[in-house]
Each structure stands twice: as C-alpha cells, then as structure tokens.
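Values quoted throughout were computed directly from the atomic coordinates according to the rules given, and no laboratory measurement underlies them. The structure presented is a predicted model; accordingly, all values stated were derived computationally and were not measured. Backbone-built Cβ (ideal geometry, glycine too); neighbour counts: all protein chains shown.
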Amino acid sequence: MIALRKINGSEFVLNADLIETVESTPDTMITLTSGKKIIIQNKVDEIVRKAIKYKQLCNQTLQVVPQKPPVNAPTPGQG
C-alpha cells in the first residue's frame, strides 16, 4: 500500500499492485488494472519510488525475534 494525495488534497492509500500505468498529462494520472483513472498531486517519480519500496517490503523475509521473559517471571521447571 502506498500513501498518495488526491488533486483535492485528501490523502488515501492505494494498493500498488493495482497500478497499471502512471502518466504526467500534466497532472499525474494513475490508471488501475480495472481501467479506473485517478488524478493525484504526487509526481510520477515519487509514485515509482513508493511502489518499488512497497514491493521490496513485501519481499522481505519475516524475522522472528524471541521474547525475553519478564524479570520476575519464574524460569521453566520452577513452580
């Protein structure tokens, strides 16, 4: 998901996977895979950067961080 700003100034979040094309006409227009068109304030290069970052984040592997028990918690085997 990428955060964008509509031409009227309102912010919204778009699923970057739905972007088919981005054009500067001179306003920036996004065409979605559904054929719907959205005119936004963001520039083309900003959208491209955000979409690339989104894709990179989606492809990162999850890291499991072990939790440390609270200081006063009994250790296993004590009861």
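Which values of log₁₀ I(q)/I(0), to two decimal places, follow from the Debye formula for the stretch 1-45 at q = 0.15, 0.30 Å⁻¹ with a uniform point scatterer at every Cα? For the stretch 1-45, the Cα-only Debye profile gives -0.31, -1.26. About the centre of its Cα atoms, the chain shows a dipole size close to 180 debye [charges on the beta carbon of Lys, Arg (+1) and Asp, Glu (-1) only; nearest 20 debye]. More than 18 Å apart: what percent of Cα pairs in the chain qualify? Of the Cα pairs, 53 percent sit more than 18 Å apart. The calculated FRET efficiency for the pair Leu32 and Val64, based on their C-beta separation and a Förster distance of 35 Å, comes to about 0.50. The string of couplings for the stretch 44-49 from the Karplus curve (6.51, -1.76, 1.60, θ = phi - 60°) is 4, 5, 5, 5, 4, 4 Hz, one whole number per residue in order, with x for Gly and Pro. Straightening the chain between Asn72 and Leu57 buys 1.7 nm, computed as 0.36 nm per residue apart minus the Cα-Cα spacing.
Here the sum of -39500 (n - 2.57) over DSSP H runs of 4 or more residues, divided by the residues of the chain, equals -6000 deg cm²/dmol at 222 nm, to the nearest 500. Site pair Glu46 and Asp17 shows an inter-label distance of 2.6 nm when each label is modelled 7 Å from Cα along Cα→Cβ. Panel order for Met1, Met29, by other beta carbons found within 10 Å of each beta carbon, from fewest to most: Met1, Met29.
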